[in-house]
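Asker: Quick one: this structure, given as structure tokens, is what I'll be asking you about.
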Amino acid sequence: MNKSIIDTTNHFSPAASLAAIGVKLRQLDLFGPIRAQVQIKQKTVKHAPIDKLTDAFISLLAGAHGLVEINTRLRADPGLQHAFGRAACAEQSVVQETLDACMPENVSQLHQALDEIYRSHSQGFRHDYQAGSQLLDVDLTGMPCGPKAAFATKGYFAGLYHRRGRQLGRVLATRYEEVVVDQLFAGNVQLIKALQPLVEAAEATLQLDEAKRRRTIIRVDAGAGTEDDLNWLLARGYEIMAKEYSGRRIARLCKTVNEWIQDPNWSERSFGWVSEPATGYIRPVQRIAVRCRRIDGTFAYGILIFSLEIQQVLTMLGWQAAQASDSVAVLLAYVTFYDQRGGGIETAFKGDKQGLGLTKRRKKRFEAQHMLVLLGSLAHNVVVWARQWLSCHKIQHYGPLRMVRDVFHVSGLLRFDVSGAVAEIVLNQQACLAHSLLHPLQSLLTPLHVVVTLGET
């Protein structure tokens, strides 16, 4: 055990509020499935391989954008370590060696463990399919890295031309902001190739049978808008909301619009129904053409493809059912429902890049990078669940950046009992969020026999 914990029962921590979350995670035994299933073939000297994965995970919640920050954010804070159940913290280079020792089977084991964790603690898995549809967003985001890294190839990386890297594929339970699946791909993989393995993995995680798939909406951008991909989704029973993949087909279909309707909320955009029948799909779909005026006066075009009935869309948007009789409102509802993808998976990617340093940790070995990605997925979900546990109105709109930077970094004093368990957390009353978090933390930790108070620290 860390000698400092034996010598004294009090520890100042710059992340006392995160320590409170650590107490909750320890009570839930969140890492239990990982300890039970992930078997990394590496000799234990001071710290077991799973303990080092735990240190890496805690460092993500503590705001580390690089594993080297384990030394400054975690090793220098023994109270935070102990709140998470760690008697001491491994040195950052040792944690990196453990990640480098991971093999493909370890990645599979961690996937399975995260599936078990998700089923135990998520809202997405407990979604009531009878009450309403589940919405899953699927997309890729670029993970730039050095040219010598495994599977680092030229591909699409927004704003970075001639760059090499990998691609991160994600399935997001959008209503709950939870990551269902994260998978790492080579840099030249596009969504057209990644869609099916991602959706199949999400089916396994969510245990989607035929009845649940019929009550699940898959929303994707043009990268998965081919007839083959959409027919595959339709054949499996999903409802779809997508964009057309082929630029040539978009140009042809836009010419079949009989009337362009001005978007009432955006003067530079208009939309209209495609009059040409959709004959290439195995289930009935509808199509809407959308055009946006560029700065030079020309138009950019897109085609939305969907199998959803208008009542489903109005329900998902929270609009009045009576708007189904308004032809302009119907068009706007479908377009708005696709637009909300930007506030779903795209916002989730941005939040993880800013708050959890998603693209900052770069490992040469593919398996090492994949393990870090999966730990980041778990950290994302813990941030979402922590926001729910705290039930504080002030932070309910906070994304990963503000949760990690502000909510998890309220300083304070941690007091431990003779058994080494956290007995009291004294928050610094001068911290901006201390008063707002006091009662939520008391409600969270009182059942665990931990006292939370305010004090000058």
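The values are calculated or read from the model by the stated rules, or taken from the named source; none is laboratory data. This structure is a prediction, so every number in the text was calculated from the model and none was measured. Positions of Cβ are backbone-derived with ideal geometry, glycine not excepted, and every protein chain shown enters the neighbour counts.
Asker: Sort out which residues of the range 223-240 are of a type in the set (S, T, N, Q) and assigned to a loop (DSSP other than H, G, I, E, B), and write them in order of number. Lay out the reasoning, then the answer.
Answerer: Filtering the range 223-240 down to residues of a type in the set (S, T, N, Q) leaves 226, 231.
Within the range 223-240, 226 is the sole residue that qualifies.
Asker: A further question on this structure: Identify, by number, the condition in (1) more than 17 Å from the chain's Cα centre (by Cα); (2) buried (at least 19 other Cβ atoms within 10 Å of the Cβ) that residue 206 doesn't meet.
Answerer: It fails just one condition, (1).
Residues checked against (1) surrounded by fewer than 19 Cβ atoms within 10 Å (Cβ to Cβ); (2) outside any helix (DSSP H, G or I); (3) at pLDDT 95 or above; (4) hydroxyl-bearing (Ser, Thr, Tyr):
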| residue | (1), (2), (3), (4) |
| --- | --- |
| 346 | yes, no, no, no |
| 351 | no, no, no, no |
| 361 | no, yes, no, no |
| 370 | no, no, yes, no |
| 374 | no, no, yes, no |
| 380 | no, no, yes, no |
| 418 | yes, yes, no, no |
| 423 | yes, yes, no, no |
| 431 | no, yes, no, no |
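Asker: Search the range 239-258 for residues being in contact (Cβ under 8 Å) with a residue 60 or more places away in the chain and in contact with a Lys or Arg (Cβ under 9 Å, 6 or more places away or on another chain), and hand back the single one that is farthest from residue 273 (Cα to Cα).
Answerer: Among those residues, the one meeting the criterion is 239.
Asker: What are the residues in the range 152-174 that are surrounded by 19 or more Cβ atoms within 10 Å (Cβ to Cβ) and in a loop (DSSP other than H, G, I, E, B), if any?
Answerer: Our first condition is that a residue be surrounded by 19 or more Cβ atoms within 10 Å (Cβ to Cβ); within the range 152-174, this holds for 152, 155, 157, 164-174.
Residues satisfying the conditions are 152, 155, 157, 174.
Asker: Follow-up. Is the range 340-350 home to any residue that is in contact with a helix residue (DSSP H, G or I) (Cβ under 7 Å, 6 or more places away or on another chain) and more than 17 Å from residue 437 (Cα to Cα)?
Answerer: no
Asker: Follow-up question, since we're still on this one. Regarding the range 440-451, can at least one residue be identified that is in a strand (DSSP E or B) and at pLDDT below 95?
Answerer: So in the range 440-451, the residues in a strand (DSSP E or B) come out as 451.
Restricting the remaining residues to those that are at pLDDT below 95 gives 451.
Yes.
Asker: Additional query: Quick check on the range 405-413. Is at least one of its residues surrounded by fewer than 23 Cβ atoms within 10 Å (Cβ to Cβ), assigned to a helix (DSSP H, G or I) and under 14 Å from the mean Cα position of the chain (by Cα)?
Answerer: Within the range 405-413, none of the residues are surrounded by fewer than 23 Cβ atoms within 10 Å (Cβ to Cβ), assigned to a helix (DSSP H, G or I) and under 14 Å from the mean Cα position of the chain (by Cα).
Asker: Now for a different question. Kindly indicate whether any position in the range 186-197 is among the small types (Gly, Ala, Ser), surrounded by fewer than 20 Cβ atoms within 10 Å (Cβ to Cβ) and either over 14 Å from the mean Cα position of the chain (by Cα) or in a loop (DSSP other than H, G, I, E, B) (or both). Don't jump to the end; show me each part of the working.
Answerer: First pass over the range 186-197, keeping only residues among the small types (Gly, Ala, Ser): 186-187, 194.
Among the residues that remain, those that are also surrounded by fewer than 20 Cβ atoms within 10 Å (Cβ to Cβ) are: 186.
Next, only the ones that are either over 14 Å from the mean Cα position of the chain (by Cα) or in a loop (DSSP other than H, G, I, E, B) (or both) stay: 186.
Yes, that holds for at least one residue.
Asker: Please enumerate the residues belonging to the range 101-128 that are surrounded by fewer than 19 Cβ atoms within 10 Å (Cβ to Cβ), polar (S, T, N, Q) and closer than 19 Å to residue 177 by Cβ.
Answerer: Passing the criteria: 120, 123.
Asker: Moving to a separate point now. So how many residues does the range 76-117 have that are of a type outside the set (Gly, Ala, Ser) and either touching a Ser or Thr at 6+ places or on another chain (Cβ under 6 Å) or not in a helix (DSSP H, G or I) (or both)?
Answerer: Taking the range 76-117 and keeping what is of a type outside the set (Gly, Ala, Ser), we get 77-78, 80-82, 84, 86, 89, 91-92, 94-100, 102-107, 109-112, 114-117.
After this cut, where a residue has to be either touching a Ser or Thr at 6+ places or on another chain (Cβ under 6 Å) or not in a helix (DSSP H, G or I) (or both) as well, the list is 77-78, 80, 84, 86, 89, 91, 102-103, 115.
Residues that pass the stated criteria total 10.
Asker: Quick check on the range 129-151. Is at least one of its residues surrounded by fewer than 16 Cβ atoms within 10 Å (Cβ to Cβ) and part of a helix (DSSP H, G or I)?
Answerer: no
Asker: In addition: Which of the residues that make up the range 19-46 are within 24 Å of residue 414 (Cα to Cα) and either not in a helix (DSSP H, G or I) or not assigned by TED's automatic domain parsing to the domain that holds residue 371 (or both)? Steps first, please.
Answerer: Here is the first cut: in the range 19-46, the residues within 24 Å of residue 414 (Cα to Cα) are 19-31.
Scanning the range 19-46 gives 29, 30, 31.
Asker: What number of residues in the range 280-331 are within 16 Å of residue 231 (Cα to Cα) and either among the polar types (S, T, N, Q) or assigned to a strand (DSSP E or B) (or both)?
Answerer: Our first condition is that a residue be within 16 Å of residue 231 (Cα to Cα); within the range 280-331, this holds for 280-287, 304-308.
Then keep just the ones that are either among the polar types (S, T, N, Q) or assigned to a strand (DSSP E or B) (or both); that gives 286-287, 304-307.
The number of residues fulfilling the criteria is 6.
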